[in-house]
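Readers should treat all values here as calculations from the given coordinates under stated rules, not as data from a laboratory. Here the structure is a predicted model, which means the values were calculated and not measured. Reconstructed Cβ throughout: ideal geometry from the backbone, glycine too, with neighbour counts over all protein chains shown.
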Amino acid sequence: MNSKDRFVLYDNNERFDYNKSKTDINIKFNRVAFIFFVLLVISIIYSIHLTHLSLRKLDSLNDNQNKTFSKLQRQNIVDRNGDFLAKTVSSIDIGINPVEIIDEKKLILNLKYIFPNKDYKAIKSKFDRKKFFWFEKKISDENYEKIMMLGDKSIKPEEKLTRIYPQKNLFSHIIGQIDEDNNGISGLEKSLNNELTTNTNTIKLTVDKDIQFLIREELIKFNKIFRTLGSASILMDVNSGEIISIISLPDFDPNQRIKITDTKYINRSTKGVYELGSVFKTFTLAAGFHEGIIEPDTEFKNLEKNIRCGKSSIREYDKEIPSDLTAAQILIRSGNIGSVRIGQALGIEKFKKFLNELNLINPIEFDIDEIGIPLKFNWGKCKLATASYGHGITTTILQLANAYSIIVNGGYKISPTLIKKNSRDKNKKILKNNVSEKINPILRKIVTTKEGTASLANVDGYEVGGKTGTAQKSAQGGYSNVKINTFASVFPISDPKYALVVMLDEPKTNSEYVYSYRDGSGIRYKGTPFNTAGWTTVEVVGQIIEKIGPILATKYNEIY
């Protein structure tokens, strides 16, 4: 014991020793420290456990979010030049939960500053209902920063993936739509749904945005001029089947996500099935060449003006058509009776087989599901006669463009396509070598000669050839007075590269429209004299080729 810990007291001569001892304070303190240490360790372990659980939950939420985003992700669709036609983008929607508003008056003032055009009476009523609502969808980056700077916890941002269509109406029928669950319901969005949701590559199409725009503008213009119910067009590469443009009017904006039920929005290019009239006469003549039954200069003498078939009568539409014509002249002058005689020479089996080879009277395979099915009929002598000049036989505009491409490209079978491929299969030859050689000059004369029906399409420098078709629309128990006017054109006819088919649904004449011939003659004509393809669709095609011809020549290095 240290001396400093010892005290000695003396009292009444007695000695008293006092030794200083340590109290139990240290013992109590050590116990408290130990208990605190134990509690601290337990707290740390518990915190680690909670953190681990929260991280697992966060990972789970992230996984679910990633799965949701993956489900919503669809690959982009571009045209042949890489311009976006359909694109998936990330956007932010802003919602407000009125229950969590800190200062309602202040919030409304701030929102008015950022979004001055909104209806704040309606927004105030939503605040009063105390239920969450979406305030702004697809908010801009600038406004997103502003609204989040307000710091009001009632403001709830939510990131979403959105499918947008930058070209709006321009490709509506072929791109199609998706539903609220991100599933394709029409067009390529439907037919390529699996590829769009599982592949990692952008889908590239054969169409050209600029060409599509120009053709659509012309169709819209002439829909007004001729007061049509609608119209359709297809521009196809005759050697590959690639579709450069395909349009059906009226169209729609797929960005609006509106359910389309009105039949006026039908895809007239691929889904609509029509009797197209005299454009079928080209196939009758080509079948005669293919079977070796006739030559262009084969003469048909003493052709009647009127023949009977069962209870029906077949007449020439033009009383001025001569009774003696060559096979070539029958097509140039669009003779009904002459076409019947060629069809009769062919017979049912040969003519039917020829039309089947061209994919005209059975459903055709295509990249979208909206495909029309030509109406079935029973072949017989009268049906052979009428089908020979395009009456009582139906097809689609897509099939017509495809068949004309085969007729003029040397007789090689092609399949129409919207999907751009890296390589092209070798086409099978299905027609004899000389069919195109014989038919192409005749199609050119339909445009260049005064006897032809398509002189308004004689655009200088582009060697346009083609055939017109004017048909009455079928109705209950017969035919109506309204018409389908069609022109199937090919250019340049000396070395065919493009087929352009235009159809006008129920056009009317226009007494004020001024026609200008494009052959350099300077001839002008005011007013539509007849409601026939030669005065309606031919004029549209002429205008279109004037607009797109230079672009095709520049983009695709075609010199005519």
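Among Ile234, Asn433, Thr470, pick out the residue whose Cα is farthest towards the positive end of the charge dipole of the chain, where Lys and Arg carry +1 and Asp and Glu carry -1 on C-beta, about the Cα centre.
Positive-most Cα among the choices belongs to Thr470.
Lys508 label point, 7 Å along Cα→Cβ, cut-off 19 Å on backbone N: hits in the stretch 224-255?
224-232, 250
If the only charges are +1 at each Lys and Arg Cβ and -1 at each Asp and Glu Cβ, what is the size of the charge dipole of the chain around the Cα centre, to the nearest 20 debye?
960
Summing +1 for each Lys or Arg and -1 for each Asp or Glu, what net charge is found among the other residues whose Cβ lies under 11 Å from the Cβ of Leu331?
After counting each charged neighbour, the total is +4.
Using only alpha carbon pairs under 8 Å that are at least six residues apart, calculate the relative contact order of the stretch 77-204 and give it in whole percent.
36
I'd like to know which of Tyr113, Pro157, Phe133 lies farthest towards the positive end of the charge dipole of the stretch 77-204, counting +1 on Cβ of Lys and Arg and -1 on Cβ of Asp and Glu.
My answer, from the dipole projection, is Tyr113.
How high is the FRET efficiency between Ala122 and Thr197 when r is their beta carbon distance and R₀ equals 51 Å, given to the nearest 0.05?
0.85
Which of Ser240, Ser172 comes first, and how do the rest follow, when ranked by fewest Cβ neighbours within 10 Å?
By the 10 Å Cβ count, ascending, the order reads Ser240, Ser172.
Cα-based Rg of the stretch 77-204 per 2.2 N^0.38 Å, rounded to two decimals?
Cα-based Rg divided by the globular estimate yields 1.36.
Using Cα-only point scatterers and the Debye equation, what is log10 of I(q)/I(0) for the stretch 376-425 at each q in 0.28 Å⁻¹, rounded to two decimals?
Here log10 of I(q) over I(0) equals -1.08.
List every residue whose amide H lies under 5 Å from the amide H of Lys483, counting only residues 5 or more places away in sequence or on a different chain, with H placed 1.01 Å from N in the peptide plane.
Lys473, Glu506
Report relative contact order for the chain in percent, whole number only (criteria: Cα-Cα under 8 Å, sequence separation at least 6).
13
Roughly what angle does helix 209-225 make with the longest principal axis of the chain, taking Cα atoms, 0 to 90 degrees, to the nearest 10?
The two axes meet at around 60 degrees.
Between Asn306 and Asp369, how many nm apart are label points set 7 Å from Cα along the C-beta direction?
Between Asn306 and Asp369, the label points sit 5.1 nm apart.
Which one, Ile406, Val447, Gly461, is farthest towards the positive end of the dipole of the stretch 398-510 when Lys and Arg carry +1 and Asp and Glu -1 on their Cβ?
Ile406
Just round it to a whole percent: the fraction of Cα-Cα distances in the chain exceeding 45 Å.
Tail of the P(r) past 45 Å holds 38 percent of the pairs.
Share of Cα-Cα pairs in the stretch 274-400 beyond 25 Å, in percent?
When every Cα pair of the stretch 274-400 is considered, 23 percent fall beyond 25 Å.
Go through the stretch 176-193 residue by residue and turn each phi into a ³J(HN,Hα) via Karplus (6.51, -1.76, 1.60, θ = phi - 60°); whole Hz please, and just put x for glycine and proline.
Karplus-based 3J(HN,Hα) across the stretch 176-193 equals x, 9, 10, 8, 5, 9, 6, 9, x, 10, 7, x, 5, 4, 8, 5, 10, 3 Hz.
What's log10 of I(q)/I(0) for the stretch 260-339 at q = 0.20, 0.22 Å⁻¹, Debye sum over Cα points only, no solvent?
So the normalised log intensities are -0.91, -1.02.
Taking neighbour counts of Cβ atoms within 10 Å as a proxy for exposure, in what order, fewest first, do Asp367, Asp79, Asp318, Asp425 appear?
So the residues, fewest neighbours to most, are Asp425, Asp318, Asp367, Asp79.
Spelling out what I want: for every residue of the stretch 90-105, take phi, set θ = phi - 60°, compute 6.51 cos²θ - 1.76 cosθ + 1.60 (Karplus), and round to whole Hz; glycine and proline get x.
Once rounded to whole Hz, the list reads 8, 9, 10, 9, 10, x, 10, 9, x, 4, 9, 5, 7, 9, 4, 4.
Would you please classify the overall shape of the stretch 77-120 from the alpha carbon gyration tensor, given that a ≥ b ≥ c denote the square roots of the eigenvalues, rounded means a/c under 1.5, and beyond that prolate means a/b larger than b/c while oblate covers the rest?
prolate
If you plug each phi of the stretch 265-274 into the Karplus form 6.51 cos²θ - 1.76 cosθ + 1.60 with θ = phi - 60°, what whole-Hz ³J(HN,Hα) values come out, in order, with x for Gly and Pro?
Working through the residues one at a time gives 8, 4, 6, 5, 6, 10, 9, x, 10, 9 Hz.
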